[in-house]
Every structure is written in C-alpha cells, then in structure tokens.
Amino acid sequence: MRKDFLWGGATAANQAEGGYLSGGKGLGTVDVIPQGEYRSAVMQGLRNYKELPEGLFYPSHEAIDMYTHIKEDIALMGEMGFKAYRFSVAWSRIFPTGEEEQPNEEGLAFYEMMIDELLKHHIEPVITICHFDVPLNLYNKYGSWKNRKMVDFYAKYAKALFERFNGKVRYWMTFNEINMLLHLPFMGAGISFDEGENKTAVLYQSAHHELIASALATKIAKEINPDFQIGCMIAAGQYYAQTSHPNDVLAANQKNQDNFFFIDVQSRGEYPAYALKFMEREGIELEMQDGDLELLRKNTVDYIGFSYYSSRMIGTLNPDTDVTSGNVFPTLRNPHLQASEWGWQIDPVGLRITMNALHDRYQKPLFIVENGLGANDTVEADGSIKDDYRIAYLSAHINEMIKAVELDGVDLIGYTPWGWIDIVSASSGEMKKRYGFVYVDLDNDGNGTFERSKKKSFDWYKQVIATNGESV
Ligand code: BGP
C-alpha cells in the first residue's frame, strides 16, 4: 500500500454529534426522523413528519454527543494512528434555515476547532458536505431538492465551507450516497411525496438538481483552490446474476448501470444513454436551464468515493420468499454468503469486484469511505468487548482491498471504515447496531453515560494502520 495511504474512520454529523439545537443550529430533516414504527415510512417520503404523534424518540437529537466529546474522540483517533477522519458538516449548523445571507459563526467555529484538533494529531480531515441532512426550513418552504432553488442554497453553503477551511482541508465529497435519493428519498434528500405526484419524475428531477448542485460546488471549489480534491460518493455493491441464464445476466447488468447513474454523470460529465432512454420510456422530461449540460461536462469529480457493505444478487427467484435486506437495497439471498444479524450479506471478495468495476469504468482514484459490520456487542463483566466477528469482517475486507490494489492495480486513496466509534444507525435509528472500535455506553432509548471504551478491535486496527496493512 502506498506510504500516504489514508487509513482512518468515518461518521456523519446527524448520527454522531447530537447538540441538535446547540450553537445556533437549526433543525435538519434528519432531526424529524423518529425511531420506531414510523421511521421507515418517513424515510421513504411516504409520511410527513408533521402528521406524526407527539412523544416519539428522535435519536439524532443527542446521538452520541460528539458535539461535547469531540476532543476526547479525536484523541482516541490519534491513539489508533488515524491518518484521516471522514465526517460531515451539519448544513443547519452553518445555515440554520438555509436562507440566511451569512453563515452562523458558531457553527463554523465548531468545525474549525475540530479540524484544528485533527490537524494537531496529523489526521487529514475529509468532509462530506451533505450527509442526509437538509435544513428543515428548506423542506417546509420549498420541498427540498424537488425545487431548483436548492442549487443556490447548497452552493452558498458549500462556498462558505470552502472559503473558511481553505488551507486546512483538501478532500471533500459533495453528497453522501447520492443514489440514496432514489431509495430512501426523505432520508437521502429530504423529499416526500404529495398526493398524485409521479414519484419517478419527482425523483429524477430532484436528482438533476443535486447533480447540478454538485457540479456547481465543484466549480466554486476549484476557483477557490485548484488543489481541492472533490469527490462523489455512492452506495456501491455489485449486482451478481443469480444464474448464468442470459436474462439474469442482463438484469444484473442493468441493475449495475442504474446504480452507476449518478456517478456516470458526476464523473463522465453527461447523462448516460441508458438513463436517457429510461426517462423517455417513463415520459419524464427533465427541466433544465441553459448551461446545465455544460456545467456538468466541465465540472467532473476528482475521485470516486463509495460505501461498500455487501454485494447484491438479482435473478428469477421468488422475491417474496428469497429476498434479504442489504444496506436498504433488497437483494436475493446468495447461498454462498453469510449475513449479519441485520441480514446484510457479507462478501469481502465483492469489495474487490466492486473496486475493479469502478476503476474500469471511471479510471479515477477510488476512496472507500464506508465499510463495516453492524453488530450487537456484549460487554463482559470486566468491561471488555471481544468483537472478534468485527475483526474477522474487517480483516477479510481489507485483504481483498489490498489485492485489488496490489494485484489488480486499482488506484486507492484511503479506507475509512464506517462508525469507527459506535453511533446511531441510519436505517434503524438504534444504538445497538454497533460498528465501532470504540464502544459508547448508550442504549436504544438514549439511556447511558456516553462513556467511551475500547473494544478488542481497537488495538487490532491500530496495528493494521501502524504496519500499513501488513498485519491484517
Ligand atoms: C450508509 C450511510 C451511513 C451509515 C451506513 C450504515 O448507508 O451512509 O449513514 O449509517 O450506511 O447503515 P446503518 O447505520 O443503517 O447500519
């Protein structure tokens, strides 16, 4: 592995920070997604948060209170030898309603303190500009990304970050898992549907707005500092055909194309033919402004960021009985794979396959910005946590990652496994689905001391980093 390989970890503001109204922060869309029975319908944009009953539990409000534990947490990263930390900025900390002329100084100061602390520990900050959170006011007033106005709100926000952190931050990603817009529209992009709306048309129009916003932010970034590295980020995971029947193979190819849709635009700078044909068949005519296509063409990303948890499979089995879940992408059960307690199939070789697919398609550096195992940890009587299953998952994936680099020639910037410290789960809103090397004393209902402690995997990962992957 290259000497400057960015070993590290990742989190997102809404799953880690808490302090949901501290320091002048406004409400974000993620702050109205409750835990429990309404969660799924709200995330899918099928229920409006305004109609929910009182008294629900909102896990983003406190999360693991990284807002006040930040220095302690960065010290732990430093102790593990992190070279990079991928985190997101909460948009509504910087522009509480999204509409202010000037950014909220307290919000900027919070992230600046955090970045300075990281740099003190020689940890490269990697910023996700938007990780599932839109200022709630922009949803209430404009319908979030359904509305073209979002492009300017987002550009103003991104510019405020680029200007303030110029000279301290080099790596940026415009949107976390941008393809989540199509799968969980409210969680991914603050989109919910009105009666009688053509959902597919709404989603593709909203996608266009995000793609324009991403290209515009890239343009602004390069004007401010040509050395900025701007990346896209998708939820990746190759689709396999369930059999060698050509129809299954074709179906898998088509699913892979669909999943590449956003990065095809962000990396190649134009709408791919299969997407144009799809929209034509659906009767969708994107509303574009003059200059949109040129903006997309001229402002492509520098690197491909992606999350990988699982591969997916498609074929002719009965989807009612043979389906399992995998990072919200339903997939057929692959008989060759084991699954996590949450049904996410575990496929380290799939990571190598995915890396090769992305490398072949885009010929740009890749950055694995999420990977990991969500599991229920047991705290032993002596306080220790023996998470050998997590070590097994990560070491198998790191091994395949190293093969992709050293045997296949994939260009890889870094590896920041997800939830290096336990945080709130995005899909379930629970604490018990833990990913961390660091345990946080907090339960599903928000009870606990918030105390941090090291799991067995902490020292293991520290060694992996210290040996640049040799000890895996
Ligand atoms: C990705 C998201 C993350 C994260 C991760 C794990 O989709 O980008 O925010 O949470 O998946 O998912 P979960 O927390 O549901 O286990």
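I need the shape label for the range 6-466. Rule: rounded when a/c is under 1.5, else prolate if a/b > b/c, else oblate, with a, b, c from the alpha carbon gyration tensor.
Rounded shape, in that the Cα axes give a/c under 1.5.
In Å, the Kirkwood hydrodynamic radius of the range 39-120 over pairs of distinct alpha carbons?
Taking the inverse mean of 1/r over all distinct Cα pairs, the range 39-120 comes out at 15.6 Å.
Under the 0.36 nm per residue contour assumption, what length would be gained going from the current alpha-carbon distance of VAL349 and ASN48 to full extension?
Difference between extended and current length: 104.4 nm.
Determine, for LYS255, LYS146, LYS219, the number of other Cβ atoms within 10 Å of each Cβ, and report the residues in order from fewest to most.
The order, fewest Cβ neighbours first, is LYS219, LYS255, LYS146.
Relative to the compact globular guide of 2.2 N^0.38 Å, what is the alpha carbon radius of gyration of the range 276-319, as a ratio?
Working it through for the range 276-319, the quotient is 1.87.
Please list, in chain and number order, the residues 5+ apart from GLN238 or on another chain whose amide H is under 5 Å from its amide H, with Hs placed from the backbone.
Placed amide hydrogens put ARG312, THR354 under 5 Å from GLN238.
Which residues' amide hydrogens lie under 5 Å from the amide hydrogen of SER340, considering only partners 5 or more residues apart or on another chain, with H built in the peptide plane?
GLN345, ILE346
Students often get this wrong, so check it: of LYS71/LYS219; LYS403/LYS454; LYS71/LYS456, which have C-alpha atoms separated by over 27 Å?
LYS71/LYS219; LYS403/LYS454
Rounding to the nearest 20 debye, state how big the charge dipole of the chain is about its Cα centre with +1 on each Lys and Arg Cβ and -1 on each Asp and Glu Cβ.
Roughly 880 debye for the chain.
Can you give the extra length, in nm with one decimal, that the chain gains between GLU106 and GLN257 once fully stretched, where that is 0.36 nm per residue apart less the Cα-Cα distance?
50.1 nm
In whole Hz, what ³J(HN,Hα) sequence does the range 163-169 give by Karplus (6.51, -1.76, 1.60; θ = phi - 60°), x for Gly and Pro?
3J(HN,Hα) across the range 163-169, in whole Hz: 5, 5, 9, 4, x, 10, 10.
Before rounding to the nearest 500, sum -39500 (n - 2.57) across all DSSP H runs of length at least 4 in the chain and divide by the residue total; then give [θ] at 222 nm in deg cm²/dmol.
Only helices count here, giving -12500 deg cm²/dmol.
Computed on alpha carbon atoms, what radius of gyration and Dmax characterise the range 337-432, expressed in Å?
15.2, 50
Placing +1 on the Cβ of each Lys and Arg and -1 on the Cβ of each Asp and Glu in the chain, which of ILE413, PHE193, TRP91 has its Cα farthest towards the positive end of the resulting dipole?
ILE413
Would you work out the charge dipole size for the range 396-472 about its Cα centre, treating the Cβ of every Lys and Arg as +1 and the Cβ of every Asp and Glu as -1, and quote it to the nearest 20 debye?
My answer is approximately 220 debye.
Per residue, what volume in Å³ does the convex hull of the Cα atoms of the range 276-403 enclose?
194 Å³
Evaluate E = 1/(1 + (r/R0)^6) for THR316 and GLU406, where r is the Cβ-Cβ distance and R0 equals 56 Å; express this FRET efficiency to the nearest 0.05.
FRET efficiency, THR316 to GLU406: 0.90.
How much length would be gained if the chain were fully extended between MET113 and ARG170, taking 0.36 nm per residue of separation minus their Cα-Cα distance, in nm to one decimal?
Residue separation times 0.36 nm, minus the Cα-Cα distance, leaves 18.9 nm.
Dipole of the range 1-49, Cα-centred, from +1 at each Lys and Arg C-beta and -1 at each Asp and Glu C-beta, to the nearest 20 debye?
About 160 debye.
Please list 445-455, 383-393, 183-193, 165-175 highest first by mean number of surrounding beta-carbon atoms within 10 Å per residue.
Result, highest mean first: 183-193, 165-175, 383-393, 445-455.
Place the peptides 363-370, 101-108 in order of packing, highest mean first, counting for every residue the other Cβ atoms within 10 Å and averaging per peptide.
Order by mean packing, descending: 363-370, 101-108.
Efficiency by 1/(1 + (r/R0)^6): what FRET value for LYS222 and ALA381, r their Cβ-Cβ distance, R0 = 51 Å, to the nearest 0.05?
0.35
Can you find, among VAL379, LEU332, VAL438, the residue farthest towards the positive end of the dipole of the chain? Put +1 on the C-beta of Lys and Arg, -1 on that of Asp and Glu.
It is LEU332, whose Cα lies furthest towards the positive end.
We did not get these values from a lab; they are worked out from the coordinates using the rules stated. Since the model is a prediction, treat every value here as computed from it, not as a measurement. Glycine also receives a Cβ, built like all others from the backbone with ideal geometry; neighbour counts cover every protein chain displayed.
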